[in-house]
Every structure is written in C-alpha cells, then in structure tokens.
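For reference, the structure is listed below as structure tokens.
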Amino acid sequence: MALRRIAQIGESVLRKQTRAVEVIDDRIIELLEDMADTMYDADGVGLAAPQVGVLKKVVVIDVGEGLIELINPEIIEASGEQIDDEGCLSVEGESGLVRRPDFVRVRATNRHGQEIEMMGRGFLARAFCHEIDHLSGILYVDKLEEE
Ligand code: ZN
C-alpha cells in the first residue's frame, strides 16, 4: 500500500489538461493501486490522477458499490438533472451545491486494456462527472449553484 499526497486547491497541477494513457504498463497499474489506497485512506469516493500530481487520464471511484478503475474515460451520454451537495478531496472541509446530469454513460479502458462502458445514476453519475472534470482541470467549485 502506498499513499500519495493529494494536491489542494490553488496548486496549479489541478488546473492542467491531462494526456491520454497510451500504454498500460506497470507504472499505470501502480498509479491505479496507489490512487485507490489514497482515496480509501482519505475516506473519499473518487480520485483523479491530477490530484496526486499525475497529468494522465486515470480515475478511481468507489461510491460503496466496489472499486471502479477508469483509464481514458469519456462521458458518451448524459441525461436528466440533479442538484446536490458535492465535495472534493482537493478542497478540504468544504462542499457546495452543483447541478449534474442524473444519468451518464461512460466509455473507458480497464487495466487489462479492454474497452468498457459503465452507466451511473444519481450519486454515481455525479462521481463520474466530478472525476472526469478533474481530467480537464475543472473543479466542482467552478460550477457552484447560486444560493
Ligand atoms: Zn475532486
């Protein structure tokens, strides 16, 4: 188990664009495993690679239904709407209301290099959107609803 430091808001690494993973080598597998360890250690439900200082399209999520690992994820379908409280391991101690789709379909690659599709509703849809935003340097605080 290896924990990585989680970047905090204000650090430029959180605002950069990421690059697609082209080869799933030992370093990517180690990154996935370290990110999961770091997420669970911090009691989070998701973590994106820029949050641990790596500008690659890699995300881990666990909303209580098991670990999801996504390499090069993209949202290919979104519908509906929800507004709910959202937080981020890179914005410690805060949360705010964010509007998200209520349903999304995500296409990604798994650690074995296979293309996968996943669907999420409600909180899982929110987690997919939040983590995939991180890969474009977008934080939930950019999307806060007015009170
Ligand atoms: Zn976040």
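Every read-out reported here was derived from the displayed coordinates using simple, explicitly stated rules and does not represent laboratory data. In this text, all values refer to a predicted model and were calculated from it rather than measured experimentally. Heads up, the Cβs are rebuilt from the backbone with ideal geometry, glycines too, and the neighbour counts pull from every protein chain shown.
Among Val63, Val59, which is in contact with a Phe, Trp or Tyr (Cβ under 9 Å, 6 or more places away or on another chain), assigned to a strand (DSSP E or B) and within 22 Å of Ser95 (Cα to Cα)? Walk me through how you get there before you give the answer.
Values: Val63 fails: assigned to a strand (DSSP E or B).
Just one listed residue meets the conditions, Val59.
Only residues that are within 14 Å of the ligand (Cβ to nearest atom), under 26 Å from Asp25 (Cβ atoms) and surrounded by fewer than 16 Cβ atoms within 10 Å (Cβ to Cβ): list them for region 102-147, please. Ser136, the sole residue that qualifies. Of the numbered criteria (1) within 15 Å of the ligand (Cβ to nearest atom); (2) surrounded by fewer than 18 Cβ atoms within 10 Å (Cβ to Cβ); (3) not in a helix (DSSP H, G or I), the one Val23 fails is (1). Does at least one position in region 67-82 carry a residue that is β-branched (Val, Ile, Thr) and in contact with a Ser or Thr (Cβ under 6 Å, 6 or more places away or on another chain)? There is at least one residue in region 67-82 that is β-branched (Val, Ile, Thr) and in contact with a Ser or Thr (Cβ under 6 Å, 6 or more places away or on another chain).
Checking Leu31, Leu14, Leu89 one by one, the residue that is more than 18 Å from Leu124 (Cβ to Cβ) and in contact (Cβ under 8 Å) with a residue 60 or more places away in the chain is Leu14 and no other. Within region 54-85, restricting attention to residues that are surrounded by fewer than 22 Cβ atoms within 10 Å (Cβ to Cβ) and within 14 Å of the ligand (Cβ to nearest atom), the residue that is farthest from Glu117 (Cα to Cα) is Asp85.
Yes/no matrix, rows are residues, columns are (1) among the charged types (D, E, K, R); (2) surrounded by 16 or more Cβ atoms within 10 Å (Cβ to Cβ); (3) in contact with a Phe, Trp or Tyr (Cβ under 9 Å, 6 or more places away or on another chain); (4) under 16 Å from Phe128 (Cα atoms):
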site: Gln17; (1), (2), (3), (4): no, no, no, no
site: Arg27; (1), (2), (3), (4): yes, no, no, no
site: Leu31; (1), (2), (3), (4): no, yes, no, no
site: Asp34; (1), (2), (3), (4): yes, yes, no, no
site: Asp37; (1), (2), (3), (4): yes, yes, no, no
site: Val52; (1), (2), (3), (4): no, yes, no, no
